[in-house]
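Below is one structure; the comments refer to it alone.
Read-outs: derived from the displayed coordinates by stated rules, not from any lab. Values in this document were obtained by computation on a predicted structure and should not be read as measured data. With ideal geometry, Cβ positions are generated from the backbone for all residues, glycine too; neighbour counts draw on all protein chains shown.
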C-alpha cells in the first residue's frame, strides 16, 4: 500500500433537464413565483377549501366533471356528506387562525353546501328496479 493520502470525494449531480442551476432557483412561495404552475391556481387555504366544495357539489350532482362536463347519473350523498364534514373539521381545527376573509369564505361555503345537501336529500331516490 502506498502512503498516499486518499481524499474522500463526493459526487456531483448535474440536472440536464434545463432550467436554472439549483443555486439560482428561487424558493417556492417567493414573491416572484408565478401564481399558476401548469395552468393550475396557486394552492392556498381558499383554493383548497373551494376545491373540496366543488367536489361536494359534483357528488351532489350539481356540477359536471371538470374534464368532460358530464354530471353524475345520480347524487352520491354519503361522499358529499363526507366532504362537507371534512370542511367542517377544517373550520373547527383552524378556528382563531384564519383571517376574517378566510373565515367568511369558509362559513359561506359550508352554508351553501348544507343547503344543497338538504335539497338533494329531499329528492326521491330513483327506483333501482322497475316494478313488474
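The ranking of 93, 123 from fewest to most other beta carbons within 10 Å of each one's beta carbon is 93, 123. Per the Debye calculation on region 42-122 with a single equal scatterer at every Cα and no solvent contribution, log₁₀ I(q)/I(0) for q = 0.12, 0.20, 0.22, 0.24 Å⁻¹ amounts to -0.34, -0.87, -1.00, -1.13.
By the beta-carbon count within 10 Å of each Cβ, the least crowded to most crowded order of 116, 59, fewest first, is 116, 59.
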